[in-house]
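Read the structure below first, then the notes.
The values are calculated or read from the model by the stated rules, or taken from the named source; none is laboratory data. Just so we're clear, the structure is a prediction, and the values are computed from it rather than from any experiment. Counting neighbours? That spans all protein chains shown, and the Cβs are built from the backbone with ideal geometry, glycine included. Only protein heavy atoms, including side chains, enter the accessible area calculation; ligands, DNA and RNA are left aside. Shrake-Rupley method; radii C 1.70, N 1.55, O 1.52, S 1.80 Å.
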Amino acid sequence: MTELSAFVTGADRGLGMGLTKVLLERGFRVFAGEFGLDPMGLNEIAQEYGSRLRRIPLDVSSDVSVMRAADKVREGCTSLDILINNAGILGDYTATLSDPMDFSQMLQVYNVNAVGPLRVAQALFGHLCKGSLKKLINISSEAGSMEQSRRIDRTARYGYCMSKSALNVETVILANHARRQGVEVYLIDPGWVRTYMHGELNVDAAQEPYDTALDILATVLDRPKPEYLYMTHRGERYDW
Ligand SMILES: NC(=O)c1ccc[n+]([C@@H]2O[C@H](COP(=O)([O-])OP(=O)(O)OC[C@H]3O[C@@H](n4cnc5c(N)ncnc54)[C@H](OP(=O)(O)O)[C@@H]3O)[C@@H](O)[C@H]2O)c1
């Protein structure tokens, strides 16, 4: 049987590393997009899984970096089965309208979280269409839900929420195109995960990255695709 292949962005740590590990455990060849600030976690996984893990330098905010990474994926496998757009940054999450705002940082958050997934999807869509599973997963957030920001009376986190809402509508448009090519698209809020989004490990968060990755991949690989697009890590419908 041909080996299945997956590509994960932002695999250095956090949820991306959890997804990489679970995919390797499930027998996939994994191309791990590595931003590169902390190589330790992927070093450990590499020892266990050898050549089934291929590390690829990737900055999703750069056209050139995404092109180079896509070339390396195409060199390394004849088709891609799963593409996971996971890389993301938080930016400032405290400023309200009454505080100073760093708009250039906000644009970088938008570049990484919203434009980045589209760059990667476009660069590898042809290769994904050749795969046998044909699954594209965009990791969003509750922050992308307009209903959630209204419900919790949110007054800060402009950049991150705006970027994730942009990712959400982008995913709707992308899914319309992908459906015509037989590619299934998932838009997933992973929940509150113990990762490094705030710059250091968030020990207060409710979920481990590995357990969250198990749930996400069970939702995507082991169950029928729900008719809705925006869902939790366990596959329950999420409000737009
Ligand atoms: N943690 C949560 O509670 C939570 C909740 C909702 C949604 N999410 C989403 O889950 C996804 C994963 O985040 P996380 O929680 O695992 O955070 P994380 O621990 O900070 O991981 C983010 C990953 O993205 C990488 N990255 C940063 N900038 C990048 C760039 N320009 N190009 C490529 N990769 C880049 C980081 O690399 P370095 O480590 O080298 O910086 C890291 O590997 C994000 O899309 C996030 O929005 C997380």
Worksheet item: Under 28 Å Cα-Cα from K72, which lysines qualify once same-chain neighbours fewer than 8 residues away are excluded?
Response: K21, K130, K134, K135, K164
Worksheet item: Where does the longest stretch of the chain lie that holds no GluC sites (Glu not before Pro) found in a DSSP loop with 15 or fewer other Cβ atoms within 10 Å?
Response: 4-199
Fill in: For K72, solvent-accessible area (1.4 Å; no DNA, RNA or ligand), Å²
70
Item to complete: Calculate the dipole size of the chain relative to its Cα centre from +1 charges on Lys and Arg beta carbons and -1 charges on Asp and Glu beta carbons; express the result in debye to the nearest 20.
Response: 880
Item to complete: Would you mind computing the Rg to Rh ratio of the chain from its alpha-carbon coordinates, Kirkwood style for Rh?
Response: 0.94
Worksheet, complete the sentence: Rounded to one decimal in nm, the spacing of the 7 Å Cα→Cβ label points at R74 and E3 is 2.1
Fill in: Gained length - V64 relative to V169, 0.36 nm times residue gap less alpha-carbon distance
35.3 nm
Discussion item. Quick check: net charge around G159, other residues with Cβ under 14 Å of its Cβ, Lys/Arg +1 and Asp/Glu -1?
Written reply: 0
Discussion item. Taking 2.2 N^0.38 Å as the expected size of a compact globular protein, what ratio does the Cα radius of gyration of the range 107-240 give against it, to two decimals?
Written reply: 1.06
Discussion item. From the helices alone, meaning DSSP H stretches of at least four residues, give me the mean residue ellipticity at 222 nm for the chain, per-run term -39500 (n - 2.57), in deg cm²/dmol to the nearest 500.
Written reply: -13000 deg cm²/dmol
Item to complete: List the relative contact order of the chain as a percent without decimals, with contacts defined as Cα pairs under 8 Å and 6+ residues apart.
Response: 20
Fill in: Max mean-square fluctuation residue, GNM over the chain, Cα-Cα springs under 10 Å, options D92, D38, D12
D38
Discussion item. Tell me the angle of helix 209-221 to the major Cα principal axis of the chain, expressed in degrees between 0 and 90 and rounded to the nearest ten.
Written reply: 60
Item to complete: Mind putting a number on the dipole of the range 114-189 about its Cα centre? Charges go on the C-beta only, +1 for Lys and Arg and -1 for Asp and Glu, and I need it in Debye to the nearest 20.
Response: 200
Discussion item. Given a 10 angstrom Cα cut-off, can you work out which residue in R54, R13, R154 is the most mobile in a GNM of the chain?
Written reply: R154
Practice prompt. Run the dipole for the range 6-52 about the Cα centre, Lys and Arg Cβ at +1, Asp and Glu Cβ at -1, nothing else charged, and hand back the magnitude in debye, nearest 20.
Written response: 220
Worksheet item: Taking the highest mean first, how do the peptides 57-64, 219-226 order by number of other beta carbon atoms within 10 angstrom per residue?
Response: 57-64, 219-226
Discussion item. Within 12 Å, Cβ to Cβ, of G10, how many net charges do the neighbouring residues add up to if Lys/Arg are +1 and Asp/Glu are -1?
Written reply: -3
Worksheet item: What nm value, rounded to one decimal, do you get for the distance between A205 and L107 when each label is placed 7 Å out toward the C-beta?
Response: 2.8
Response to the item:
Mean-square fluctuation maximum in Gaussian network of the chain, Cα pairs under 10 Å, restricted to I173, I82, I188, hits I173
